[in-house]
1. Translational diffusion coefficient of segment 1-83 at 37 °C, 0.692 mPa s, Stokes-Einstein with Kirkwood Rh over Cα pairs, in µm²/s as a whole number.
2. So for the chain, taking the charge dipole from beta-carbon charges (+1 Lys/Arg, -1 Asp/Glu), which of Ser53, Thr208, Thr6 sits furthest toward the positive end?
3. Not counting the cut sites, what is the longest span of the chain without chymotrypsin sites (Phe, Trp or Tyr not before Pro) that DSSP labels loop and that have at most 11 other Cβ atoms within 10 Å?
4. Where the only charges are on Cβ atoms (+1 Lys, Arg; -1 Asp, Glu), what is the dipole of the chain about its Cα centre, to the nearest 20 debye?
5. For Leu16 and Tyr107, FRET efficiency with R0 = 41 Å and r from the beta-carbon atoms, rounded to 0.05?
6. May I ask you to sort Cys98, Cys158 by Cβ crowding, counting other Cβ atoms within 10 Å and putting the fewest first?
7. Taking Cα pairs under 8 Å and at least six residues apart, what relative contact order does the chain come out at, in percent?
8. In which sequence would Thr186, Thr150, Thr124 go, from the one with the fewest C-beta neighbours within 10 Å to the one with the most?
Amino acid sequence: MYFDWTYIVLVMPCVLFSLWASSSVNSTFKKYSSQMSRRGITGAQAAERVLRSNGVSGVRIERVNGNLTDHYDPRTNVIRLSDSVYGNTSTAAIGVACHEAGHAVQYAQSYAPIKFRAAIIPITNIGSKLAMPLILIGLLFAVFENLSYTFVYLGIVCFGLSLVFQLVTLPVEFNASRRALAAIETGELLTEEEQKGARKTLRAAAMTYVAATAVALAQLLRLILIFGRRRRD
C-alpha cells in the first residue's frame, strides 16, 4: 500500500491552515458586523469617500448578492459590494468596502503589482487548466520515458504559474488593505476604537490569501518531489 508522505507533510498542514483562515474571516466579519459605526456611514458611502479622497472618479458602486462576494471589476470599473456590506454601517462592512475601493485606486494610480497581475491572468488561467491534463498525459505515456517526462514537467511548469499568480496577489491585497485603513483614519470614517474592528476584519481576510499561496506552494513542491523521485528510480 502506497503511503503519500508528501501530502501528509507538505499539503495537509496548508489545507488545514486554509480551512482555519476561511473560518476565521467568516467569524471575524460576523463579530464586527454587529459593531455599528457611530457616524452611521454605510459601506457604499465609505467606498465613495475613499475614491473621492484619492481623486478617483468614474467608478460605479453597485450592490451584489451574496455574503463576502465583494470585489472590484476593472473591466467595467465597478465596485460590487455584497448585501452585508453595501448598506451596512458596521466597522466590518466599512473595512471591506474601503478595501475594494483601494483596488480601484490601485488601478487609477497604475500600481505596478496589480497591473502585472492583470496582465498574467490569461496565462495563469490557461496554465492552471492545462497542468493536471499534461501530467496525466505524461503518466499515460510512461512507456516512452523521455516523452512522458516532457509532458509531466510541462504540467508542473503550468501549475507553477498558479503559484506566481498567488505570489503577485499578496502585495496587491496587503496594499489595498493599507490604503483602506489609511483612508479610514485620515477621513475619520471610524473612531480610533472602531478602527480595530476594520483592521481585524481585513487582517483575517488577508490570511486567506496567505493560505492559498501556501497551498499552491506545497502542491508544487509535492509534484516536484514525486516526479523527481520517480525519474531517479
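1. D, rounded to a whole number, is 203 µm²/s.
2. About the Cα centre, the residue reaching furthest to the positive side is Thr6.
3. It runs 4-233.
4. Working: 24 positive and 15 negative charges, 30 e Å.
That gives a dipole near 140 debye.
5. 0.75
6. Going from least to most buried by this count: Cys158, Cys98.
7. 27 percent
8. The most exposed by this proxy come first: Thr186, Thr150, Thr124.
Read-outs throughout are calculated quantities, based only on the coordinates presented, and are distinct from any laboratory measurement. Since the model is a prediction, treat every value here as computed from it, not as a measurement. Because the Cβ atoms are built from the backbone with ideal geometry, glycine has one as well, and the counts that use them run over all protein chains shown.
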